[in-house]
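Here the structure comes first, spelled out in structure tokens, and everything after it is commentary.
Just so you know, all these numbers are worked out from the coordinates, no wet-lab data involved. Only a predicted model underlies this, so the values are computations on that prediction, with no experimental measurement involved. Glycine gets a Cβ as well: all are built from the backbone with ideal geometry, and neighbour counts include every protein chain shown.
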Amino acid sequence: MNAPVTPGLPAFVPPRRVLMGPGPSDVHPRVLAAMAQPTIGHLDPAFIGLMDTIKGLLQQTFRTSNTLTMPISGPGSAGMEACFANLLEPGDTIIVCDNGVFGGRMRAMSERLGAKVITVQDPWGRAVDPQKVEDALKAHPEASVLAFVHAETSTGALSDARTLAELARSHHTLSLVDAVTSLGGSQLEMDAWGIDAIYSGTQKCLSCPPGLSPVSFGPRAVEKLRARSTPVRSWFMDFGLVINYWGEGAKRAYHHTAPVNALYGLHEALVLLHEEGLECSWARHRDHHLSLARGLEALGLSYLVPEGERLPQLNAVRLPAGVDEERLRRRLLEEHDLEIGAGLGEYAGRIWRIGLMGQSCTSRHVALCLDALGKVLQR
Ligand SMILES: *Cc1c(COP(=O)(O)O)cnc(C)c1O
């Protein structure tokens, strides 16, 4: 008699890809190895030590001394919603700069939170215009928050975060900055530039798997949080509660169970970044962007964003007329294992978004991408 056979379900084996889209980016083997270590309790003293180390590394990465600096358990959009939910109360006025998908998302979140939204509109593919922001701040002295995206991943435009944060400060308005794609890839100085609140994500220039969102609140943002007359509408995202879990010292109150292994990964990714040096990482992103740009232009692809406003880690290029971009992108994936991004919104089908983020920003990536694009465009 044969023993009954219970066929095991096959394990999932992901294909080997080269990730050069708008995120996630390639993850370093050291980060993957760190995440495969044994899970420990989230209140284990060893884990609490790791939490403190991660907070310190995040402070260095944001260039801040803010105590309220921690990773939110959720992707970039969770950190984004957390910042808006903590800073805004119903009836507050917020000025939102909208020059792409993520500016639009900021507006939608603010509206859901019951805030009065003033929009500063700039065309997709352009940086936020500081003059328009100054005009809006002058016209709306009641505004308590100015929100803008530092690195607009949907179009590849880099805005002048320093100038915008200074404008907010000079009008006694808090600045709230989306640094999801800029952190680790472009110069960002939270304290020196006077940024009050910031959030980021792990899967762009930090080159971690997606799922965590580093945030930081400065003293003025904490003051606004403390002075709220209504509780934060989200229990999970209430920084007043979360900080008891992520706070200083060994005494931690259970709030939720942190994603233990994901935090091993974030730790290793931050260690890698600081081994290289933050400034070196910024320079690496700029240098490889310049060589990719030369190659793309040689292939006849032109940039959506004017020079001077370009984001090194996200290269948005217009497609030649008559090209079936979806088919070519599929071929890049199938024949070259290369992932690049499609256009969004009004640019769907009209641009490609080529990421050079974190571990995906090397001369090898630039060469591979140009070679593969050259081949699929030629046929
Ligand atoms: C990716 C991204 C987000 C959202 O992050 P998710 O991890 O996808 O939720 C927000 N803002 C910008 C600028 C981004 O690039």
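A compact table of results
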{"read-out": "Rounded FRET efficiency, nearest 0.05, which uses the C-beta distance separating L43 from A283 and R0 of 30 Å", "value": "0.15"}
{"read-out": "Mean Cβ count within 10 Å, highest first, over the residues of peptides 113-121, 86-94, 194-202", "value": "194-202, 86-94, 113-121"}
{"read-out": "Dipole moment magnitude, nearest 20 debye, the chain about Cα centre, only Lys, Arg, Asp, Glu C-beta charged", "value": "480"}
{"read-out": "Overall form of the stretch 1-55 per C-alpha gyration tensor (a/c, 1.5; a/b vs b/c)", "value": "oblate"}
{"read-out": "Length gained when the stretch A108-E275 is fully extended (0.36 nm per residue, less Cα-Cα span)", "value": "56.3 nm"}
{"read-out": "Difference of contour (0.36 nm per residue) and Cα-Cα distance, Q131 to L32", "value": "31.2 nm"}
{"read-out": "With eigenvalues of the C-alpha gyration tensor scaled by 5 and rooted, the stretch 130-226, Å", "value": "24, 16, 10"}
{"read-out": "Additional length obtainable on full extension of the chain from R220 to L290, 0.36 nm per residue less Cα span", "value": "21.4 nm"}
{"read-out": "Ranked packing of 358-369, 272-283, most packed first, by mean Cβ within 10 Å", "value": "358-369, 272-283"}
{"read-out": "Sequence of S170, S73, S234 once ranked by neighbouring C-beta atoms within 10 Å, starting from the fewest", "value": "S170, S234, S73"}
{"read-out": "For the stretch 202-253, the Rg and Dmax computed from alpha carbons only, in angstrom", "value": "13.6, 39"}
{"read-out": "Peptides 45-54, 333-342 ordered by average Cβ neighbours within 10 Å, highest first", "value": "333-342, 45-54"}
{"read-out": "Span-rule helices in the chain, defined as complete DSSP H runs reaching 24 Å or more along the axis (Cα) with Kyte mean at least -1.0", "value": "45-62, 260-276, 278-298"}
{"read-out": "Förster-model FRET efficiency, 30 Å R0, T119 and Q60, C-beta, rounded to 0.05", "value": "0.30"}
{"read-out": "Qualifying aspartates and glutamates (Cα of each under 16 Å from Cα of K375; at least 8 residues distant if same chain)", "value": "E297, D324, E325, E326, E334, E335, D337, E339"}
{"read-out": "DSSP beta bridges in the chain [antiparallel fraction, %, rounded to 5]", "value": "50"}
{"read-out": "Scattering profile of the chain at q = 0.06, 0.10 Å⁻¹ [log10 I(q)/I(0), Debye over alpha-carbon scatterers]", "value": "-0.24, -0.65"}
{"read-out": "For the stretch 29-273: relative contact order, % (alpha-carbon pairs under 8 angstrom, 6 or more apart)", "value": "28"}
{"read-out": "Euclidean distance between Cα centres, the stretch 163-187 to the stretch 114-140, Å", "value": "13"}
{"read-out": "Residues with amide H under 5 Å from that of L68, placed H, sequence gap 5 or more", "value": "F217"}
{"read-out": "Partners for K116 among lysines (Cα-Cα distance below 25 Å; same-chain residues under 8 apart left out)", "value": "K132, K138, K224"}
{"read-out": "Debye log10 I(q)/I(0) at q = 0.16 Å⁻¹ for the stretch 247-379, Cα point scatterers", "value": "-0.86"}
{"read-out": "Estimated FRET transfer efficiency when R0 is 35 angstrom, pair K251-T230 (beta carbons, to 0.05)", "value": "0.80"}
